[in-house]
1. In the full protein assembly as shown, how much of TRP258 is accessible to a 1.4 Å probe, in Å² to the nearest 10?
2. Helix-derived [θ] at 222 nm for the chain: sum -39500 (n - 2.57) over DSSP H runs of at least 4, divide by residue count, nearest 500?
3. Across the range 15-81, what fraction of all alpha-carbon pairs, as a whole percent, falls in each successive 5 Å bin from zero upward?
4. Under the Karplus relation 6.51 cos²θ - 1.76 cosθ + 1.60, θ = phi - 60°, what is the ordered set of whole-Hz ³J(HN,Hα) values for the range 58-66, x standing for Gly and Pro?
5. Leaving out ligands, DNA and RNA, and with a 1.4 Å probe, what % of the accessible surface on the chain is carbon or sulfur?
6. Which value results for Rg/Rh of the range 221-272 when Rg is the Cα radius of gyration and Rh the Kirkwood radius based on the inverse mean 1/r?
7. Could you work out Rg/(2.2 N^0.38 Å) for the range 176-301, with Rg from alpha carbons only?
8. Which ³J(HN,Hα) values in Hz, rounded to whole numbers, follow from the phi angles of the range 199-209 under the Karplus curve 6.51 cos²θ - 1.76 cosθ + 1.60, where θ = phi - 60° and Gly and Pro get x?
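The values are calculated or read from the model by the stated rules, or taken from the named source; none is laboratory data. Here the structure is a predicted model, which means the values were calculated and not measured. Glycine also receives a Cβ, built like all others from the backbone with ideal geometry; neighbour counts cover every protein chain displayed. For the accessible areas, the whole protein counts, side chains as well, though only heavy atoms, and no ligand, DNA or RNA atoms are used. Shrake-Rupley method; radii C 1.70, N 1.55, O 1.52, S 1.80 Å.
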Amino acid sequence: LSMGCERVARTDPETGVRILQLTSFPITHWHLGLGDFITPDGERLLIAANRFAGRNSPRDLYSIRADGDDFSFLLHDFSGGVICPRVQWVYTGCAGAVVRIPIEGGATEVLWSPDCYTHIMVSARSSDGLWLFGQGRRKTDGSFDIVRISTETGEASVIVRASYVMPVLRSSANGERLVASIAPVGDDGKPLMPWGVWEFSSGGTDFRLVPFSRSTNHYCPMGSTGLVVTTAAHPGNALDVAAPGGCERVLAHGAGFWHVSSDETGTWLASDTNWPDVGLQIVNSHTGKYATLCMTGASGGHPQWTHAHPVISPDARWVLFTSDRAGFQHVYLADIPPEFKKALSAA
């Protein structure tokens, strides 16, 4: 079901950057955070919305073109979401199962329904799209399983059990590794390793600790570099990077970096700022230079929906962010001008 178009064109008054407000209906909207929810060419993405203006409102999933066109309803009551690299299917969790829907909307197909989880969040896929990765919360004791599911057969297996999991992300170091903030446990529920940011194989082996000594616990893989980047707002006002099993270093400092994302190459990063909010920053990882792309207008309070959570497109053409500047949280897309990149690339 197509919703048509809700876009509103804006220009940042301080930087002159073009901003497209993708949603405008008076309910809360947001993008899906980090993960594989944007097509590789940056032309289509997934967003979500509360069904009505209420604290206990159920959530709905939509797909939309990056130009604001073809705003299409996909599914009620979803959890997470990834787009197949062949751009045919969206995979998400729903009612403790994993389902798939055509990217432009249509009939929902159940891929895997194990009946042992209260919910399953789908957050990552393999590079070739043959496997999905997500986390399910067990009905029995509330612990979490990281699961791997075949997109062809629905075959699934538990690769990691943990007492706590933040969303599993794809690491592009060699194409088939994952990164997650987890506290792994054994089948008996006893801790196997301390809580931390771990990189591991898609089979749940070869764990390598990402050695952050300071972190807001906001992090992401840096594209194809094999590194992971995190924000370190207090103390330091910095972006730190580290190789799993290796050492960490400061990439940039001087702003209150808060939530960070990376393009597919690891060259370009986007981060919002907090305490104080000095705008959405674009960072060149080679030079360490950064500059304000635009002001988000997000209020930046304690609730997650008051933060911008910027996500840069895989090809680094634009940045997606959310803002409650209009009274309701909406989704915005800001272009990154070529001249902006040129200035940050200069030695």
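1. Accessible area of TRP258: about 40 Å².
2. -500 deg cm²/dmol
3. Final binned percentages: 3, 17, 26, 25, 16, 8, 3, 1.
4. Computed from phi, the couplings for the range 58-66 are x, 10, 10, 10, 9, 10, 8, 6, 5 Hz.
5. 54
6. We get a ratio of 0.95 for the range 221-272.
7. Rounded to two decimals, the normalised Rg is 1.12.
8. 9, 7, 6, 5, x, x, 10, 6, 6, 10, 6
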